[in-house]
Structure formats: C-alpha cells, structure tokens
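Enquirer: Before we start, here is the structure in question, set down as structure tokens.
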Amino acid sequence: MGRSHSLPDRLLERARVQPEAVALVLDGERVSYAGLHAMATGAAARLRALDLPPGASVAVRAVKSPETIAVIAACLLTRRPVLLASAELGEHALEALLARAGCAALLDGPATTRLTAGPPVGEDVSFMLTTSGSTGVPKIVPLDAGAVDRFTDWAGGRFGIGPGTAVLNYAPLTFDLCLLDVWATLKAGGTVVLVDQERASDGRHLAALVESEGVEVVQGVPLLYRLIADASDSPLPGVRHVIVTGDKLSPRLLGRLPELFPGARLYNVYGCTETNDSFLYEITGTEESVPIGRPLPGVEALVVDETGAVLDGPATGELLVRTPFQTRGYVGGDAFPDGRFRSGDVVSRDEHGVFTLVGRNDFQVKVRGTRVNLQEVEHLLLAHEAAADAAVVGVPDELAGVRIHAVVRRTAPGALNSLALRDYCRTRLPRAAIPSTIQVVDDPLPSTPTGKPDRRSIIENLRNGS
Amino acid sequence: MDHSYAIKQYIVREFIPDVTPEELDDEYDLVANGVVNSLSLLKIVNWLADTYDIPLDDVDVSLKDVVGVAAIRRFVERTARQPVPALAEN
C-alpha cells in the first residue's frame, strides 16, 4: 500500500515518527510535532464538545500563533471544513463573512461561539480561504482535501522540503501562501519559522530570523525582500529557495536578490487564491522584467480576447486558468465554467510559451500584498450620508506597492472629517483597503468631460502636493 | 508643552492633515482605523527617537506602542533616555 497523500494522515504520521522534531517556531518558542499533536488533540476535544451538526464548517480567527495552527490542524484531523478568518476583519465584515460561510462556530483563541449553521459546504472541503476582496464580504474559496493534498505534495517536492527543513512563514495564516510555507512544510516534517505579525516590517529582525533559524526556503511578497534588502548588507547564504509571489518585482530589488541570497535558486511564482500557484519562472537576476514563466505541470492556461475567444501562439489577453489545486467555485456561487477560472489578469505569451503579467483589467490593486478593488472602496465612501462625492486612487509606493488615497467632498463644511470616515471604514473594510490618506474637501472633485472622477489629475495633484 | 499635544500635532501633520490636534482623542485607535500601519511605524518611531532621545537599538517596539496617542505617550515615558519632565508632572 502506498503512503497516504492526505495532509491530516501525514500530520499524524509526523507526530508518530518524529515527535521531538521542531514543527513550529515563533519568537523563540519551539513546538515539537508531539506538542503540536497534543495541542491539536485538545482542540479537537473542545470541538467535539460543541456537538456541531455533521459536515458543518467552523471559522478560526487566524491570529498568528502555534495555538491557531493547532486549532486548524484539529479541524483537518476531524475532517471539519475550516474557514480562516482574518484577525484584521472589521466586526460587521466578520459577521457577514460567517453568515455567508454558514459556519456553525467561531473559534477565537480559547473562546468558542456557537453560530447558526448554514447549509454544509461539501464533505470534501478542508480549508476555506477568502479572496482579498476589499469591501465588506470577501468571496469564500472552499478547497477540497484532494486539491490541498496535490498542492502540498507538489510544493514540498518542488522546493526540497523534507524532515528538518526550516521554512519561513511571512504571510498571515489566512493567505493561500500558507498552504506552502505552513502546511506543505508540516506535511513534510519540516520546521515552520513563523514571523510575528507585529514585527513583520522590521527588516533587521527578518534577516536575523532567517539567519539564526537556518531558514532554507523563503516565500513572500516583494515587500518582504525589500525590507530585508534595505536592512541588511550581509548575504544569507543558507537559503536554498527564494519564492517571490503576489506582486511585481521592481528592477532595483531584482538586482539585489542574487547577492542577498547567494546560495539560492530564485523563483517568481504566480497564482491566486482560487487556483493556488499556477505559473513558475526561475529568475536569473539579469532580466529587465521578470516573466511569470510557464504553467506548472497539470495546469491549463488560456489567453482570451475581449469576446472570450481563445488566442493561439504569441498573444496578449486575459488569462483563464485551471489547476490541479483549485476550488470548484465560490461558496454560494456556481462552479467555474469548464473548471476554468477567469483571473482578471492581462498576460502576454511569447513565441516560446513564456507568460508575462501585463496588469489588471479593472480597478484591482495590491496593497502590501493584499488585493483591493478601488471602485468598491469608492462605492463604500459614497454611501456615507455626509459624502457628496468620492474618488479613490492607487498611488505607487516604494514599500507598500500601492497605497490608497481617497478624496471625499462633504455635503457641508464641518459635516465630516477623515477621523469619522476612518471609523466608518474600519468596521466595513479589511485594514489594507482603508485608504492610507483621506482628503476631505468642499470643492467639487476634478472630473472628466463625461462627469467621472478624473483619477489621473487627482494623482497628479497629489504628486504636486496640492 | 503637554507631550500628548506634541504627539497629536505630529500625527495630524503627517497622517491626517484635515484634522486639528484638538479633534484627535487620546484613545482614538490609530491602527484599527488605518491611520498608522506597520510601514508607518518606523517613521513614527524615528520621530519619537529624535524628539525624545530614545535609544532605538535597546528598545523593542511594536504596533501596540503606537495604537493611540495615549499609548505613544506611555511608550515615550517608558523608553526616553532622560526623564521627560513635563510627562513626569502629569
């Protein structure tokens, strides 16, 4: 009989064959595989005591900690679909999300709250992730156990993760990136080095952590590498694989990577929550711009024009993709037509079949690695009773990738200020979608001849400091 | 001068220019409301270090320390190399 590919089976096996090995490290605290297993067993008992309906899902408020990982593991071991809810979600947004997912309970640290269960999401579902949509309720992406098993097997093999391999986890636990740096690592018996969310922007700390914990695999958005590169001149020769994902790599940062990680192979990986990783490109360091490369084994990638017609050969158009790792469709939504996901990303494919990301075809931007729809933020601001008009723009930012700037015209002087608007946004938006600057004005906003907000001139005004 | 007021002046000037220092409450949550994020943390901390003589190399700092004006004032009281007289009187 072959070895099980199932993630929960393999977690149990790890606890049995390497109980003393370190599974998790956070701020110097080490949790062995036996320790993680004990914590997960405790959490599973708490879960059983809730006596939830069979097949009902639960939500975990995913503060980054070994305890949270143990609770998620308990859900996997008891075959209970688990929604990973961001610890940064506003209260209204969280309530709406739990209602949409139909979760029967919310596990928030040691606190458990019973909820009214909705219809089951499907027996095979293990993780439920959320798209980083910007307004109130993100879409929920259920992943079948099979999809998770295939992905974790691929990732562990591709990046040489085995017993004892230390892998850095930079992303919050709700991000799909964790399927690689947390779950593929635990499945393979490696050590997950968790970055404390509170210190995630401290480049010196990040470099020291990679060095002192002997990290061999690093995955993160370009921001991670920028922070390390800016804080540290000394190379990190112990790293074997560097995975850049989630955003475009600037040419300046690209040039720094080979010297920073002299012992590492460098990859640009493209994917999204719905499909997980779908493209991989190995970086040489001499590129002017970095392609997303070729589809991973088993991935089908189509380029289509505005009418949806499939383009052959060298072409530019929207990317449609189907992967062995993907969801069948959103909770409460239809299955993707022909199993193909419309990425919303415009790509170009060259004569060698190598893909390059051109941009988004809508108002999507990425803020600190999180996808935000500017138009949705704008609609939310417009819905405020004291807002007469609003425009939201993304401004390129060296560190954050993009920062969000909002201009709001109030109905009357004194009717509104940015503090009140922030209070309003806080309960309705994830943190990355809250504009970093909000300008409240009494004069009409610049507009185009067709009466739409003139985003270009708003950005120009901002650059000129007016 | 009251140090809370100086901190408010700085926050308002740098991050929320449409607001007056008087409008900013001591306990207003700067992090949850998106005024301050992990990236602006360094900027604030550098300003505090310059203004109040805080030895950054010896001090652990996290977002919790800048969650509001009151928290920032406590951070300064705890970490400033010289006792800050106006604060001690409060």
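Enquirer: Which of the residues spanning region A:84-136 are small (Gly, Ala, Ser) and closer than 27 Å to A:Glu378 by Cα? Write out each step before concluding.
Expert: Just the residues of region A:84-136 that are small (Gly, Ala, Ser), to begin with: A:85-87, A:90, A:93, A:96, A:99, A:101-102, A:104-105, A:109, A:111, A:117-118, A:122, A:126, A:132-134, A:136.
Within region A:84-136, A:Ala85, A:Ser86, A:Ala87, A:Gly90, A:Ala93, A:Ala96, A:Ala99, A:Ala101, A:Ser132, A:Gly133, A:Ser134, A:Gly136 qualify.
Enquirer: Restricting the search to region B:1-40, which residues are of a type in the set (A, V, I, L, M), over 27 Å from A:Ala400 (Cα atoms) and within 11 Å of the chain's Cα centre (by Cα)? Reasoning before the result, please.
Expert: Let us first name the residues in region B:1-40 that are of a type in the set (A, V, I, L, M), namely B:1, B:6-7, B:11-12, B:16, B:19, B:24, B:30-32, B:35-36, B:39.
Narrowing further to those that are over 27 Å from A:Ala400 (Cα atoms): B:1, B:6.
Answer for region B:1-40, where residues must be of a type in the set (A, V, I, L, M), over 27 Å from A:Ala400 (Cα atoms) and within 11 Å of the chain's Cα centre (by Cα): just B:Ala6.
Enquirer: Taking A:Ser343 as meeting all but one of (1) under 20 Å from the mean Cα position of the chain (by Cα); (2) without any contact (Cβ under 8 Å) to a residue 60 or more places away in the chain, write down the number of the exception.
Expert: So A:Ser343 meets the others, but not (2).
Enquirer: Given the criterion within 14 Å of chain B (Cβ to nearest Cβ) and within 30 Å of A:Asp51 (Cα to Cα), identify the matching residue among A:Pro172, A:Pro119, A:Pro142, A:Pro138. Walk me through how you get there before you give the answer.
Expert: On the way: A:Pro119 fails: within 14 Å of chain B (Cβ to nearest Cβ); A:Pro142 fails: within 14 Å of chain B (Cβ to nearest Cβ); A:Pro138 fails: within 14 Å of chain B (Cβ to nearest Cβ).
Checking each option against the conditions leaves just A:Pro172.
Enquirer: Hey, another quick one. May I ask you to verify whether A:Pro237 is of a type outside the set (Gly, Ala, Ser), assigned to a loop (DSSP other than H, G, I, E, B) and within 14 Å of chain B (Cβ to nearest Cβ)? Break it down into steps so the answer makes sense when it comes.
Expert: Details: of a type outside the set (Gly, Ala, Ser): yes; assigned to a loop (DSSP other than H, G, I, E, B): yes; within 14 Å of chain B (Cβ to nearest Cβ): no.
Criteria not met by A:Pro237.
Enquirer: Kindly list, by first and then second residue, each pair from a residue in region A:76-93 that is outside the structural domain of A:Ala104 (by TED's automatic domain parsing) and in contact (Cβ under 8 Å) with a residue 24 or more places away in the chain to a residue that is crowded, with 20+ Cβ neighbours inside 10 Å and in a strand (DSSP E or B), limited to pairs with Cβ atoms under 6 Å and residues at least 6 apart or on different chains.
Expert: Every condition considered, no pair remains.
Enquirer: Of all residues in region B:16-39, how many are more than 7 Å from chain A (Cβ to nearest Cβ) and touching an Asp or Glu at 6+ places or on another chain (Cβ under 8 Å)?
Expert: Of the residues in region B:16-39, 0 are more than 7 Å from chain A (Cβ to nearest Cβ) and touching an Asp or Glu at 6+ places or on another chain (Cβ under 8 Å).
Enquirer: In region B:25-60, what residues are of a type in the set (Asp, Glu) and more than 18 Å from A:Ala200 (Cβ to Cβ)? Before the answer, list the steps.
Expert: Let us first name the residues in region B:25-60 that are of a type in the set (Asp, Glu), namely B:25-27, B:29, B:50, B:53, B:57-58, B:60.
Residues satisfying the conditions are B:Asp25, B:Asp26, B:Glu27, B:Asp29, B:Asp50, B:Asp53, B:Asp57, B:Asp58.
Enquirer: Would region A:143-152 turn up any residue that is in contact with a Pro (Cβ under 9 Å, 6 or more places away or on another chain), assigned to a helix (DSSP H, G or I), without any contact (Cβ under 8 Å) to a residue 60 or more places away in the chain and on the phi < 0 side of the Ramachandran plot? Step through it out loud before you land on a result.
Expert: Of all residues in region A:143-152, those in contact with a Pro (Cβ under 9 Å, 6 or more places away or on another chain) come to A:145-147, A:150-151.
Narrowing further to those that are assigned to a helix (DSSP H, G or I): A:145-147, A:150-151.
Filter again for without any contact (Cβ under 8 Å) to a residue 60 or more places away in the chain, leaving A:146.
Narrowing further to those that are on the phi < 0 side of the Ramachandran plot: A:146.
Looking through region A:143-152, at least one residue is in contact with a Pro (Cβ under 9 Å, 6 or more places away or on another chain), assigned to a helix (DSSP H, G or I), without any contact (Cβ under 8 Å) to a residue 60 or more places away in the chain and on the phi < 0 side of the Ramachandran plot.
Enquirer: With respect to A:Thr316, determine if the residue is among the β-branched types (Val, Ile, Thr) and not in a strand (DSSP E or B). Please lay out each step first, then the result.
Expert: Values: among the β-branched types (Val, Ile, Thr): yes; not in a strand (DSSP E or B): no.
For A:Thr316, the condition - among the β-branched types (Val, Ile, Thr) and not in a strand (DSSP E or B) - is not met.
Enquirer: Something else about it: Would you pick out the residues in region A:319-344 that are in a loop (DSSP other than H, G, I, E, B) and under 16 Å from A:Asp176 (Cβ atoms)? So that I can check it myself, show each step before the final result.
Expert: So in region A:319-344, the residues in a loop (DSSP other than H, G, I, E, B) come out as A:323-328, A:330-334, A:336, A:340.
A:Thr323, A:Pro324, A:Phe325, A:Gln326, A:Thr327, A:Arg328, A:Tyr330, A:Val331, listed by residue number.
Enquirer: Taking region A:421-447 on its own, how many of its residues are assigned to a strand (DSSP E or B) and surrounded by fewer than 20 Cβ atoms within 10 Å (Cβ to Cβ)?
Expert: Residues of region A:421-447 assigned to a strand (DSSP E or B): A:437-441, A:447.
From what is left, the residues that are surrounded by fewer than 20 Cβ atoms within 10 Å (Cβ to Cβ) are A:437, A:439, A:441, A:447.
Number of matching residues: 4.
Enquirer: Within region A:151-175, which residues are more than 21 Å from A:Gly298 (Cα to Cα) and either surrounded by fewer than 20 Cβ atoms within 10 Å (Cβ to Cβ) or of a type in the set (Gly, Ala, Ser) (or both)?
Expert: Scanning region A:151-175 gives A:Gly162, A:Pro163, A:Gly164, A:Ala166, A:Ala171.
Enquirer: Answer yes or no: is there a residue in region A:406-420 that is in contact with a Leu (Cβ under 7 Å, 6 or more places away or on another chain), in a loop (DSSP other than H, G, I, E, B) and at pLDDT 85 or above.
Expert: No: region A:406-420 contains no residue that is in contact with a Leu (Cβ under 7 Å, 6 or more places away or on another chain), in a loop (DSSP other than H, G, I, E, B) and at pLDDT 85 or above.
Enquirer: Within region A:182-219, count every residue that is within 24 Å of A:Asp149 (Cα to Cα) and either among the charged types (D, E, K, R) or within 14 Å of chain B (Cβ to nearest Cβ) (or both).
Expert: 2
Enquirer: Criterion first (part of a helix (DSSP H, G or I) and within 13 Å of another protein chain (Cβ to nearest Cβ)) does B:Asp57 satisfy it?
Expert: Numbers: part of a helix (DSSP H, G or I): yes; within 13 Å of another protein chain (Cβ to nearest Cβ): yes.
Yes, satisfied.
Enquirer: Can you give me the number of residues within region A:333-373 that are farther than 20 Å from A:Ile140 by Cα and in contact with a Phe, Trp or Tyr (Cβ under 8 Å, 6 or more places away or on another chain)?
Expert: So the count comes out to 6.
Enquirer: Given the criteria more than 9 Å from chain B (Cβ to nearest Cβ) and touching a Lys or Arg at 6+ places or on another chain (Cβ under 8 Å), does A:Gly394 qualify? Show your work before the answer.
Expert: Numbers: more than 9 Å from chain B (Cβ to nearest Cβ): yes; touching a Lys or Arg at 6+ places or on another chain (Cβ under 8 Å): yes.
Answer is yes for this residue.
Enquirer: Let me ask something else about it. Going by the structure shown, is B:Ser62 within 13 Å of chain A (Cβ to nearest Cβ) and over 21 Å from A:Leu419 (Cβ atoms)? Walk me through how you get there before you give the answer.
Expert: On the way: within 13 Å of chain A (Cβ to nearest Cβ): yes; over 21 Å from A:Leu419 (Cβ atoms): yes.
Judged against the criteria, B:Ser62 is a match.
Enquirer: Sort out which residues of region A:260-286 are of a type in the set (Val, Ile, Thr) and farther than 18 Å from A:Tyr225 by Cα, and write them in order of number. Please lay out each step first, then the result.
Expert: Residues of region A:260-286 that are of a type in the set (Val, Ile, Thr), as a first pass: A:269, A:273, A:275, A:283-284, A:286.
The answer is A:Thr273, A:Thr275.
Enquirer: Do we have A:Pro110 as surrounded by fewer than 15 Cβ atoms within 10 Å (Cβ to Cβ) and of a type outside the set (D, E, K, R) here? Please lay out each step first, then the result.
Expert: Working: surrounded by fewer than 15 Cβ atoms within 10 Å (Cβ to Cβ): yes; of a type outside the set (D, E, K, R): yes.
Taking the combined requirement at face value, the residue satisfies it.
Enquirer: Which members of region A:204-233 meet the condition of being outside any helix (DSSP H, G or I) and either free of Cβ contacts under 8 Å to residues at least 24 places away in the same chain or touching a helix residue (DSSP H, G or I) at 6+ places or on another chain (Cβ under 6 Å) (or both)?
Expert: A:Gln219, A:Ser232, A:Asp233
Enquirer: Looking at A:Leu357, is it within 14 Å of another protein chain (Cβ to nearest Cβ), touching a strand residue (DSSP E or B) at 6+ places or on another chain (Cβ under 7 Å) and either surrounded by 20 or more Cβ atoms within 10 Å (Cβ to Cβ) or without any contact (Cβ under 8 Å) to a residue 12 or more places away in the chain (or both)?
Expert: Values: within 14 Å of another protein chain (Cβ to nearest Cβ): no; touching a strand residue (DSSP E or B) at 6+ places or on another chain (Cβ under 7 Å): yes; either surrounded by 20 or more Cβ atoms within 10 Å (Cβ to Cβ) or without any contact (Cβ under 8 Å) to a residue 12 or more places away in the chain (or both): yes.
When the stated conditions are applied, A:Leu357 does not pass them.
Enquirer: For A:Asp176, state whether it is assigned to a loop (DSSP other than H, G, I, E, B), within 15 Å of A:Asp277 (Cα to Cα) and out of contact with any helix residue (DSSP H, G or I) (no Cβ under 8 Å at 6 or more places or on another chain).
Expert: Details: assigned to a loop (DSSP other than H, G, I, E, B): yes; within 15 Å of A:Asp277 (Cα to Cα): yes; out of contact with any helix residue (DSSP H, G or I) (no Cβ under 8 Å at 6 or more places or on another chain): yes.
Criteria met by A:Asp176.
Enquirer: Would it be correct to say that A:Ala200 is more than 21 Å from the chain's Cα centre (by Cα) and surrounded by 15 or more Cβ atoms within 10 Å (Cβ to Cβ)? It would help to see each step written out before you state the result.
Expert: Details: more than 21 Å from the chain's Cα centre (by Cα): no; surrounded by 15 or more Cβ atoms within 10 Å (Cβ to Cβ): yes.
Answer is no for this residue.
Enquirer: Take A:Glu376 and decide whether it is at pLDDT below 85, within 29 Å of B:Gly68 (Cα to Cα) and either within 14 Å of another protein chain (Cβ to nearest Cβ) or in contact with a helix residue (DSSP H, G or I) (Cβ under 6 Å, 6 or more places away or on another chain) (or both).
Expert: Numbers: at pLDDT below 85: yes; within 29 Å of B:Gly68 (Cα to Cα): yes; either within 14 Å of another protein chain (Cβ to nearest Cβ) or in contact with a helix residue (DSSP H, G or I) (Cβ under 6 Å, 6 or more places away or on another chain) (or both): no.
Taking the combined requirement at face value, the residue does not satisfy it.
Enquirer: Can you go through A:Arg14, A:Arg48 and tell me which one is in the same structural domain as A:Arg114 (by TED's automatic domain parsing), surrounded by fewer than 16 Cβ atoms within 10 Å (Cβ to Cβ) and assigned to a helix (DSSP H, G or I)?
Expert: Details: A:Arg14 fails: surrounded by fewer than 16 Cβ atoms within 10 Å (Cβ to Cβ).
Result: A:Arg48 is the single residue among A:Arg14, A:Arg48 that is in the same structural domain as A:Arg114 (by TED's automatic domain parsing), surrounded by fewer than 16 Cβ atoms within 10 Å (Cβ to Cβ) and assigned to a helix (DSSP H, G or I).
The values are calculated or read from the model by the stated rules, or taken from the named source; none is laboratory data. Keep in mind that what you see is a predicted model, and the values were worked out from it rather than measured. Virtual Cβ from ideal backbone geometry, glycine too; neighbours counted across all protein chains shown.
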